[in-house]
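Engineer: Can you keep this structure in mind? I'll have questions shortly.
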């Protein structure tokens, strides 16, 4: 997840920079880089989304457990008593804007959402 988040951060920053320079969105920028017209890029994007969706559904057979999760973790529900920072996945006692693993995961997830919704 760290690697995917880092790549998403780089991709989102590049798309924002490209949009600031050209004034075109992500799919229109793909036409500038590769020469693929937007009417051909949309079906490719839909196939990519479908492939990832089917992969995510296939991963549900593991009941949401990752390989490196410790046994006995009870899902991804935030236990009662955690504050807002804990619910967002940030460390409760650590620095809010420091360079920590929790902050990097959080920003990577935001970048993934930014690419998905742009």
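A quick yes/no check of all residues on (1) under 15 Å from the mean Cα position of the chain (by Cα); (2) modelled with pLDDT of 80 or more:
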site	(1), (2)
19	no, yes
27	no, no
34	no, no
39	no, yes
46	no, yes
49	yes, yes
53	yes, yes
59	no, no
69	no, no
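Engineer: Select from region 2-36 the residues that are part of a loop (DSSP other than H, G, I, E, B) and surrounded by 12 or more Cβ atoms within 10 Å (Cβ to Cβ) and list them in ascending order.
Structural biologist: Matches in region 2-36: 24, 25, 36.
Engineer: Quick one: what pairs do we get from region 92-118, first residue within 15 Å of residue 16 (Cα to Cα), second surrounded by 15 or more Cβ atoms within 10 Å (Cβ to Cβ) and modelled with pLDDT under 85, C-beta under 6 Å, 6+ apart or different chains?
Structural biologist: What qualifies is 118/26.
The values are calculated or read from the model by the stated rules, or taken from the named source; none is laboratory data. In this text, all values refer to a predicted model and were calculated from it rather than measured experimentally. A quick note on method: Cβ atoms are made from the backbone with ideal geometry, for glycine too, and the neighbour counts reach across all protein chains shown.
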